[in-house]
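K.L.:
Okay, here's the structure, questions in a sec.
The values are calculated or read from the model by the stated rules, or taken from the named source; none is laboratory data. For clarity, every value in this text was computed on a predicted model and none was experimentally measured. Neighbour counts are summed over all protein chains in view; Cβ atoms, including those assigned to glycine, are modelled from backbone coordinates with ideal geometry.
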Amino acid sequence: MINRQVQTIFCDDIRHEVAGKVSYIGVYSGRLLVPTFPATLPKLCIAMTLVTPATTPFRKLSLRVLKDSEVLVQGALDEAKLIDLVDKTDEAPTSEHNDRVAMLQSYFVFSPFQVDAPCVIRVRVDTEEGELRGVGLRIEQASDDTDAK
């Protein structure tokens with residue numbers, strides 16, 4: 001059984017390719033190093049995927065993208081959109097419901113992205129069952145013996 005989760009990918013760019021493919025360019029693995037602060041990134045992108053078992057669709061959904069405690073983006077999916085997702089899930093045969101998941105994807109692009117000091121970028125999603133937390137991105141200054149990438 002799949003548990004509800006929010007998956008996050010932080011990268012330099014998100015490109016929508018031919019035939020529906022999506023490419024993530026310059027993916028960060030937990031931290032992003034800059035040479036000095038303040039720093040301006042040309043672009044910072046977040047790909048977010050919300051996953052829930054088809055048997056427990058989302059009934060309430062609001063999200064926040066945070067830089068430490070500062071809210072960069074917030075929003076909610078209205079009830080009509082959530083009901084539409086439930087209806088699409090219900091179209092599958094009942095025998096498949098336990099193996100199926102419902103997924104919602106969102107992309108966020110910040111361009112340019114100003115960083116004045118070390119911080120952590122986080123995604124938080126509030127549902128009727130509580131808060132889901134995505135993996136964050138720590139932005140730090142590169143030390144003299146580390147390449148800033």
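K.L.:
Pull up region 43-69, narrow it to residues that are part of a strand (DSSP E or B) and among the small types (Gly, Ala, Ser), then point me to the one that is surrounded by the most Cβ atoms within 10 Å (Cβ to Cβ).
P.N.:
Of everything passing the filter in region 43-69, Ala47 is surrounded by the most Cβ atoms within 10 Å (Cβ to Cβ).
K.L.:
Scanning for something over 30 Å from Ser143 (Cβ atoms) and of a type in the set (A, V, I, L, M, F, W, C), does region 36-45 turn up at least one residue?
P.N.:
No: region 36-45 contains no residue that is over 30 Å from Ser143 (Cβ atoms) and of a type in the set (A, V, I, L, M, F, W, C).
K.L.:
Just name the residue that is farthest from Gln105 (Cα to Cα) out of those in region 6-23 that are buried (at least 16 other Cβ atoms within 10 Å of the Cβ) and not β-branched (Val, Ile, Thr).
P.N.:
My answer is Cys11.
K.L.:
Among the numbered conditions (1) within 15 Å of the chain's Cα centre (by Cα); (2) at pLDDT 95 or above, tell me where Gly134 comes up short.
P.N.:
Unmet for Gly134, out of (1) within 15 Å of the chain's Cα centre (by Cα); (2) at pLDDT 95 or above: (2).
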